[in-house]
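What follows is a single structure, written as structure tokens, with notes after it.
Read-outs: derived from the displayed coordinates by stated rules, not from any lab. Just so we're clear, the structure is a prediction, and the values are computed from it rather than from any experiment. Virtual Cβ from ideal backbone geometry, glycine too; neighbours counted across all protein chains shown.
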Amino acid sequence: MPLPWLCQHFHPPPLLLARLEGRSSLKEIEPYLFADEDSSVHGGILEFHGPEGTGKTEMLYHLTARCILPKSEGGLEVEVLFIDTDYHFDMLRLVTILEHRLSQSSEETVKRCLGRLFLVNCTSSTQLLLTLCSLETMVCSHPALCLLILDSLSAFYWTDRVNGGESVNLQECTLKKCAQFLEKLVSEYRLVLFATTQSIMQKTSNWTEGPSAFTHPTEADADYRPYLCKAWQQVVKHRIFFSKQVDFKTSNQFSLVSRHLKSNSLKKHIFIIGESGVEFC
Amino acid sequence: MENRLVCLGGTSCLSSWFLLPSVPSSSLSYSLSSPSFISLDKLLDAGLYTGEVTEIAGGPGSGKTQVCLCVAANVAYGLQQNVVYIDSNGGLTASRILQLLQARTPAEEEQAGALQRIQVVRAFDIFQMLDVLQDFRGTVSQQVSSGSAAAKAVVVDSVTAVVSPLLGGQQREGLALMMQLARELKTLARDLGVAVVVTNHVIRDRDSGDLKPALGRSWSFVPSTRILLDVDEGAGASGSRRRACLTKSPRLPTGFQEMVDIGTWGPPEQSPASQGDQI
């Protein structure tokens, strides 16, 4: 693993940049979810937000499977880097999803799919920052890598707040650097980043979201209370809120509300989770 | 830090913990005519999984400790593996485990052998618990290098007893300590290939009136699987019936419920009068 300082001195030559043009756009990755997206726009940062048990990780598996499956099976045949910060990643579940989606699933084909997946575990925010620093060389040497997944970004929140002492700046400083690095990576190499953040804060009664909440009031949206550092809030392009339907008849359904932050447009989708993963209704 | 996953075969994440007739995970309907099933396992999709943290949540008297004792007894006797039981409640006594073992085998040497495989540690505050988990890591690495069998299950009864005194107010330190404990448990499960079972209390949700696990939102993300135990309202004469509901799972749809008899840890006794109450 190259040292982080080495990465600062490595700038890919223009020829290499030309190879990076071929990275997939959001619309190709999940056409149903991003139907309104401009397919010529490559790259971006999306945040999945929601309480536990609302399908965020399942959606990540769905997107991962879509990317690593071969083109003949409806996938994109591109590489995915999955950064797991709280030992949440379940390989068995991903393999089950792959096996259900492959028309002829054999150990060989599954292995070949998994060969396109890179999994990294991080146990502290400093380790996360160092990992991100060393990612640049990896992204350059793997032109097929176009999807970054970070599950989850808020795993170190309380630990960082205590380690930073009384100064809020110190508390947030590592995550701020991570956000800046991620933005640099994503914009330079046209990657797509999906990061999950957990709803760990209760909504306070006098919290006001802003004018958009009044025009499109939805339950998931209204519960949102941003708690991560401002640097992160600023780099997110799309925020997707996950929630579970509480209605008895539709008790196995999940819903997500996708908000494009610049245009402030909201879209709602409903999905269920089956053996082969996420299925949109 | 980076693992390239090329070879999947022989993953150590999966172990079937209980000696059961095999149940296909797609058949979730409760079968009234199969008395030999240990029904809690149908809930857990043929057993607890190593590499994961499973939470058993329930109110007082709902049977959490009994479930933990059954898990310990089953792993020690049925699977012949070592168990570490971390007690922060004082609910564990050797006589209770002995009763469960006596129900499984009349042979005294087997009962004694199983009891020896259960290592009991007491931890009454969070720092003691973190120490215990650290010590366990150290022992396991020694055992692995010396070739002797390491524990395959760690039961923590209960995690609420050591964490809830830290929560409340604006204290960040309490939450950070709780997340440190969570990280220790998950790392233990994943790195050492151990099945971790923790128990938690429940509180009533202000808005919906439903039961939800205690320790707040941050903790709710920690276990991969959660089972909620509740006393069956229409219990009637039998006081040992509980309703177990799967409320979180990485591989099964949630909402699946089973009636469990925690006295014998099997399906409730079939009687003509009570058949109408069954799911």
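Label sites at B:Thr93 and A:Ser124, each approximated as a point 7 angstrom past Cα along Cα to Cβ, lie 4.5 nm apart.
The amide H of A:Gly274, built 1.01 Å from its N in the peptide plane, has A:Glu279 as neighbours under 5 Å, considering only residues 5 or more places off or on other chains.
With respect to the cross-link table entries A:Lys230/B:Lys212; B:Lys186/B:Lys248; A:Lys267/B:Lys186; A:Lys56/A:Lys230; A:Lys177/A:Lys244; A:Lys244/B:Lys212, which display a Cα-Cα separation exceeding 26 Å?
The pairs that break the limit, which is 26 Å between Cα atoms, are A:Lys230/B:Lys212; A:Lys267/B:Lys186; A:Lys177/A:Lys244.
Projected label points at A:Asn169 and A:Gln253, each 7 Å from Cα along the beta carbon direction, are separated by 5.0 nanometres.
Only counting other Cβ atoms within 10 Å, I'd like A:Lys176, B:Lys152 sorted with the fewest neighbours first.
Details: A:Lys176 17, B:Lys152 22.
Ascending Cβ contact count within 10 Å gives the list A:Lys176, B:Lys152.
Can you bin the range B:113-226 into rounded, prolate or oblate? Criterion: square roots of the alpha carbon gyration tensor eigenvalues sorted a ≥ b ≥ c, rounded for a/c under 1.5, prolate for a/b above b/c, oblate for the rest. Here the range B:113-226 falls in the prolate category.
Ordering of A:67-80, B:106-119 by packing is A:67-80, B:106-119, highest average first (other Cβ atoms within 10 Å, averaged per residue). Ordering B:Asp207, A:Asp86, B:Asp232, B:Asp191 by the number of other Cβ atoms within 10 Å of each residue's own Cβ, fewest first, gives B:Asp207, B:Asp191, B:Asp232, A:Asp86. Other protein chain C-beta atoms within 10 Å of residue C-beta, averaged over A:165-177: 0.
Averaged over peptide A:89-97, the number of partner chain Cβ atoms lying within 10 Å of each residue's Cβ comes to 4.
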